[in-house]
1. Which angle from 0 to 90°, rounded to the nearest 10, does the C-alpha axis of helix 148-165 make with the longest principal axis of the chain?
2. List, in order, the whole-Hz ³J(HN,Hα) value for each residue of region 180-189 obtained from phi through the Karplus relation with A = 6.51, B = -1.76, C = 1.60 and θ = phi - 60°; use x for Gly and Pro.
3. Using a simple spin-label model with points 7 Å from Cα along the Cα→Cβ vector, what separation in nm is obtained for D229 and E250?
4. When Lys and Arg each count +1 and Asp and Glu each count -1, what net charge do the other residues less than 10 Å away from F212, Cβ to Cβ, add up to?
5. I'd like the carbon and sulfur percentage of the solvent accessible area for the chain, probe radius 1.4 Å, heavy atoms only, ligands and nucleic acids excluded.
6. Which loop GluC sites (Glu not before Pro) in region 227-285, with loop taken from DSSP, have no more than 16 other Cβ atoms within 10 angstrom of their Cβ?
7. Taking the Cα atoms of the chain, report the difference between the largest and smallest coordinate on each principal axis, in whole Å and largest first.
8. Which one, F318, Q135, C220, projects farthest toward the positive side of the charge dipole computed for the chain from Cβ point charges (K/R +1, D/E -1)?
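The values are calculated or read from the model by the stated rules, or taken from the named source; none is laboratory data. Model, not experiment: these values are computed from the prediction. Please note: Cβ atoms are built from the backbone with ideal geometry, for glycine as well, and neighbour counts cover all protein chains shown. When the accessible area is computed, the model is the full protein with side chains, heavy atoms only, and any ligands, DNA or RNA have been set aside. Shrake-Rupley method; radii C 1.70, N 1.55, O 1.52, S 1.80 Å.
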Amino acid sequence: MHSLFVSGRKHALAAFVLIAIIALTGCSNRDVSEQPSESGGLIIGFAQLGSESAWRLGNTQSIIEAAERAGVQLMFENAQQKQENQIRDIRSFIAYRVDVIAFAPIVEDGWDNVLGEARDAGIPVLVTDRMINTQDDTLFAGFIGSDFYEEGVMAGEYLIKKADAIDAESLNIVEISGTVESTPMKQRAQGFADTIKGDARLDIIDSVSGDFIRSKGKECMQKFIDTHDKIDVLYSHNDAMTLGAIEAMEEAGLKPGEDIIIITVDGEQKAIDLLKEGKINCVVECTPLIGDTIMQIAAQLARGEEIPRYTYSEDRVFSEFDDDLDELPERGY
Ligand code: AHR
């Protein structure tokens, strides 16, 4: 059995050459009749979507470290934000005949063909972090990640509490959303909108995608500031874009957290630090630290055991209303 550990672009060429040889000769020295007894010896192919945020880097690190702990041989590829790269990476894992394929889909649509190929090759698939949109339940064995709709609900609940606390009459909200057609973008928007829709004080006056990237978050906020006379609240779908938006506010002479109430999602260390400083008002957690769960469930799958269809992380909310923020342990991402 090959021992191949591929981490990111550095070894991508070597991996590609090896995979090309396997694909061209139609053989690998993997014995498909060999069954992994536990996670040790298991070969998992993980197709990461990119490295757009500290969250994503934390997610990648969690997966790599968990694989090492579990004695799993990890083939890791980074698609650099392109769905076609992710599809190519999944195909390379099929050619190598890994035991389990796991991936974090950049968007929801467009996976049926490649996942059909994995199923036909007898390789089980785990969808992690984001979901896919498919009519065919047999294309993946299980999902591991956060409940993004619930995150949007928690963001909305915080805002209603804040509006009560400051006795607000009306609050104009701008929203910087994530990558278009991705699950966190759709669900975080929906959960938030559903939660505040019955509250006449709260109005989403503008919503633009910042693609989960800091520089784009800054651009979106600059545009909002140029366009709207009264902005009371920023709801941003991730911390990276929030950090960019805060830069834009400060450059425009606005005080983040005071002039504009800021609600962000992820919970990376920088956001928690800004919450403690009063520049962010609410942080909805979305943990990227799901590596151990992925390894554990992948091992069960490879042993032919039944696994839960959905495994959700437990996420919480941190806000200016908490009095124990100083006691929070380091976030790890
Ligand atoms: O899919 C999870 C989201 O993707 C995180 O909120 C964000 O930071 C990342 O880019």
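1. So the helix axis and the longest Cα principal axis differ by about 10 degrees.
2. Along region 180-189, the couplings run 4, 6, 8, 4, x, 5, 5, 6, 5, 5 Hz.
3. 3.0
4. My count for the surroundings of F212 gives -1.
5. In the chain, the share of accessible area belonging to carbon and sulfur is 48 percent.
6. Loop-located and lightly packed - E258.
7. Principal extents (largest minus smallest coordinate, Cα): 68, 36, 35 Å.
8. Working it through, the farthest residue towards the positive pole turns out to be Q135.
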